1. Quick one: is residue 100 modelled with pLDDT of 90 or more, over 18 Å from residue 13 (Cβ atoms), in contact with a helix residue (DSSP H, G or I) (Cβ under 7 Å, 6 or more places away or on another chain) and not charged (D, E, K, R)?
2. Check off (1) closer than 30 Å to residue 139 by Cβ; (2) of a type outside the set (A, V, I, L, M, F, W, C); (3) at pLDDT 95 or above for residue 34 and give me the number that stays unchecked.
3. Quick one: in the range 1-31, of everything that is hydroxyl-bearing (Ser, Thr, Tyr) and open to solvent by less than 30 Å² (accessible area, probe 1.4 Å), which residue is modelled with the highest pLDDT?
4. Restricting to the range 172-204, and then to whatever is open to solvent by 30 Å² or more (accessible area, probe 1.4 Å) and among the aliphatic types (A, V, I, L, M), can you tell me which residue is nearest to residue 153 (Cα to Cα)?
5. Sort out which residues of the range 73-99 are aliphatic (A, V, I, L, M), within 15 Å of residue 52 (Cβ to Cβ) and open to solvent by 100 Å² or more (accessible area, probe 1.4 Å), and write them in order of number.
6. Could you pull out the residue among 66, 60 that is basic (Lys, Arg), at pLDDT 90 or above, over 30 Å from residue 17 (Cβ atoms) and part of a loop (DSSP other than H, G, I, E, B)?
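The values are calculated or read from the model by the stated rules, or taken from the named source; none is laboratory data. Model, not experiment: these values are computed from the prediction. Cβ sites come from the backbone with ideal geometry, for glycine too, and all protein chains shown count toward neighbours. Side chains included, ligands, DNA and RNA excluded: accessible areas come from the protein's heavy atoms. Shrake-Rupley method; radii C 1.70, N 1.55, O 1.52, S 1.80 Å.
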Amino acid sequence: MSVAIVLDKNLKKSGEIQLPESYKEINAHNLYLYVKSFLAAMRTNSAVAKTRARVSGGGKKPWSQKGGGRARAGSITSPVFVGGGVAHGPNNNRNYILKVNKKQKKLALQYALLEKANAGSLFIVDKIQVQSGKTKDAYATFKSLEQRNTLFVSALFDEKTFLAFRNIKDCYLINGAELNAYLVATFRSVVIEKSLFESITKEG
């Protein structure tokens with residue numbers, strides 16, 4: 001049974017929410033395609049080498065065509081010369097973007113949530129908030145979960161909560177609009193607010 005663990009205000013287990021049965025029919029390939037697309041979009045594509053056309057100089061013929069006993073050469077920008085252009089080098093004209101449609105993105109997120117639920121590392125809380133804004137209080141909250149490398153997802157984090165969690169190792173906070181399958185799959189455990197979870201898993 002694929003269930004998300006519901007936590008009370010003290011972060012103790014108070015119940016379970018079963019994920020829709022349709023999630024079990026999702027093909028894992030949807031998650032693979034989304035992760036591949038996400039990582040491709042993160043590539044900076046900054047590697048570039050100068051071809052012989054971009055290397056400065058080379059206006060004069062290095063030596064005479066004949067009589068020197070050497071191979072003929074037309075320009076010092078040729079790849080055969082030190083300091084010349086690079087033959088078949090990298091360029092930044094390549095497009096790494098891989099398109100994934102909205103339906104696949106949704107299926108990928110649902111499958112990632114299913115995997116976390118199966119692993120017992122998907123948690124639901126009413127509200128993720130640290131009213132004091134103090135890191136020690138946020139750390140106490142995180143420590144009581146007894147989890148590592150945790151993703152906290154809220155509909156919208158307030159500034160105090162964000163600042164309280166900011167310097168805690170293995171904690172990462174995102175708003176609901178930033179949630180995607182890659183982040184869910186990457187982190188060991190996920191804590192998500194109940195209202196947001198219900199909107200994500202709502203059928204139709």
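1. Numbers: modelled with pLDDT of 90 or more: yes; over 18 Å from residue 13 (Cβ atoms): yes; in contact with a helix residue (DSSP H, G or I) (Cβ under 7 Å, 6 or more places away or on another chain): yes; not charged (D, E, K, R): yes.
Yes; evaluated as a whole, the condition is true for this residue.
2. (1)
3. Pass one, the range 1-31, residues hydroxyl-bearing (Ser, Thr, Tyr): 2, 14, 22-23.
Restricting the remaining residues to those that are open to solvent by less than 30 Å² (accessible area, probe 1.4 Å) gives 2, 23.
Working: 2: 84, 23: 92.
Once the filter is applied, the top-ranked residue is 23.
4. 177
5. Going residue by residue through the range 73-99, those that are aliphatic (A, V, I, L, M) are 73, 76, 80, 82, 86-87, 97-98.
Checking the rest, the ones that are also within 15 Å of residue 52 (Cβ to Cβ) come to 73, 76, 80, 82, 86-87.
Selection gives 80, 82.
6. Values: 60 fails: at pLDDT 90 or above.
It is 66.
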